[in-house]
């Protein structure tokens, strides 16, 4: 990594603002790389900016990045876990609704309306459909309401 950065510095010295073949290329390079990482990777959270401003060398920055990456990893795990649980709950609710529709209106009607029920991703809408299973007198009225709900 360092050799690649050195080559870039010597190839494009005007971008890094260094004199080629200077004695302090490594120091300037590390400092500029540290500043770049702080600006690009660590600039999204204003509360943590104070902590990252204190990182003036690559060793301190490496420690902060390791902490940050483990925090990101945990946040993403939690987010995907919550989405998975919610998706599982929706699938269970859909399955229950299809069983109730089959019992209330018959198996052939259940197969007709099944694709519509499976396309609904909102628990609020699925709850509304559950109410309609109980309150609608005939399957035509029920089907009309469900189709209107999916068009909204």
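Nothing in this text is a laboratory measurement; each read-out follows from the coordinates by a stated rule. Nothing here was measured: the structure is a model prediction, and the numbers come from that model.
A few remarks follow.
- For segment 94-152, the Kirkwood estimate of hydrodynamic radius, built from reciprocal distances between every pair of different alpha carbons, is 11.1 Å.
- Gained length - residue 89 relative to residue 75, 0.36 nm times residue gap less alpha-carbon distance: 2.9 nm
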